[in-house]
Amino acid sequence: MKLSRRSVLAAGAIGAAGAGAAAVGSGIGGGSGIRGGQNRATFSLKYAPHEGSFKSRGNRLEQIAYAADQGFTAWEDNEAAGRSVADQNAMARALRQRGMTMGVFVASMPRWADFRPVLGGNDDADRDRFLADIRASVDVAKRLDARHATIVTGFVDRRLPIELQTARVIDVLRRAADLYAPHNITMVMEPLNTLVNHPGVFMTTIPQGFAVARAINSPAIKVLADLYHEQIQAGNLINTLGACWNEIGYIQFGDNPGRNEPGSGEINYQNVVRWLRAKRFGGVIGMEHGNSVEGRAGEDRLVAAYRAIDAA
């Protein structure tokens, strides 16, 4: 990857950027205040932007640097497994230099247009391909210092009993968990909504993921609680998180409708944050959403939205 002078500066510790900037807040909601090279108070939870959250600020490395300067302490990248080794290494270096935690990447990308894989179907080819992706993703996770990787449990075969498909999904995921366990990596199953975005998927709610994770009974497989999807499909977010808490390994935010920043829709993310803080949640919270306003105004609005819920 060819790096501009601006990219090189962005990937390092940019002390000069924060020298003349006024600090905002003083450890809002239990945050740790100003860190070296930053010009904003550190958020109290590990909210993780992604490439595109701050796209007006430059390329991926420049966006990481900008996010760090705003007080974000984590990052996620769904497409990381498909990037070159050089790009993966460059991103990992940038995150290390800014003391940021790597969140999830997608370990095995579904073929959305083909409604594949069908992990509970009669064809072993989908299961074999899925397991090959899981094996390959171990090296990606190690390069990125990632402790979690997203998986989607595929699509439903409407010709087969759901009980049969569930048993087959559990079997293949148990084999996948055995591949991750020696490396201290956790795959997180993401339930997706069928009403707006992903008709036909197998896993549609957090409780369904909880049941599968309990059946597998491995620390290498947990549930990704994407609250945008759960709000559409079932709602009752805080009670659901509480009931399924022991099998939840990762959380993502996104408001509904629109799948944009907190405050742009109907979800009371201030209450969710209060609840997570009471649970002493120390994991990454992926910002799995867009910006409701384009350009720098939208990026400023994004940061302000997270300041508001972090003050809960």
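Going through the range 87-104 one residue at a time, which ones are in contact with a His (Cβ under 7 Å, 6 or more places away or on another chain) and aliphatic (A, V, I, L, M)? Of everything in the range 87-104, just one residue is in contact with a His (Cβ under 7 Å, 6 or more places away or on another chain) and aliphatic (A, V, I, L, M), namely VAL104.
Scanning the range 237-296 for residues that are under 28 Å from PRO219 (Cβ atoms), of a type in the set (Lys, Arg) and not in a loop (DSSP other than H, G, I, E, B) yields a count of 2. Take the conditions (1) among the β-branched types (Val, Ile, Thr); (2) under 21 Å from ASN291 (Cβ atoms); (3) over 20 Å from the mean Cα position of the chain (by Cα); ILE64 misses just one of them, which is (3).
Remark: pairs (first residue in the range 204-217, under 13 Å from MET187 (Cα atoms); second residue in a loop (DSSP other than H, G, I, E, B) and hydrophobic (A, V, I, L, M, F, W, C); Cβ separation under 6 Å; 6+ apart in sequence or on different chains) = GLY209/MET203. For the range 290-312, the set of residues classified as crowded, with 21+ Cβ neighbours inside 10 Å and within 20 Å of ASN236 (Cα to Cα) consists of ILE309 only.
Taking first residues from the range 155-183 that are surrounded by 13 or more Cβ atoms within 10 Å (Cβ to Cβ) and partners that are among the hydroxyl-bearing types (Ser, Thr, Tyr), the Cβ contacts under 8 Å between residues at least 6 apart in sequence or on separate chains come to VAL169/THR153; LEU173/THR153; ARG174/SER218; ALA177/SER218; ASP178/SER218; TYR180/THR186; ALA181/SER218.
Rundown of residues vs (1) without any contact (Cβ under 8 Å) to a residue 12 or more places away in the chain; (2) surrounded by fewer than 16 Cβ atoms within 10 Å (Cβ to Cβ), yes/no style:
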| position | (1), (2) |
| --- | --- |
| ALA74 | no, no |
| ALA90 | no, no |
| MET102 | no, no |
| ARG111 | yes, yes |
| ARG116 | no, no |
| LEU119 | no, no |
| ASN122 | no, yes |
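Of the residues making up the range 111-154, those that are in contact with a His (Cβ under 9 Å, 6 or more places away or on another chain) and more than 24 Å from ASN184 (Cβ to Cβ) number 1. The residue of the range 82-131 that is nearest to ALA167 (Cα to Cα), among those that are of a type in the set (Lys, Arg) and assigned to a helix (DSSP H, G or I), is ARG127.
Read the figures in this text as sums done on the coordinates, not as results from a lab. Only a predicted model underlies this, so the values are computations on that prediction, with no experimental measurement involved. When we count neighbours, we look across all protein chains shown, and the Cβ atoms used for this are built from the backbone with ideal geometry, even at glycine.
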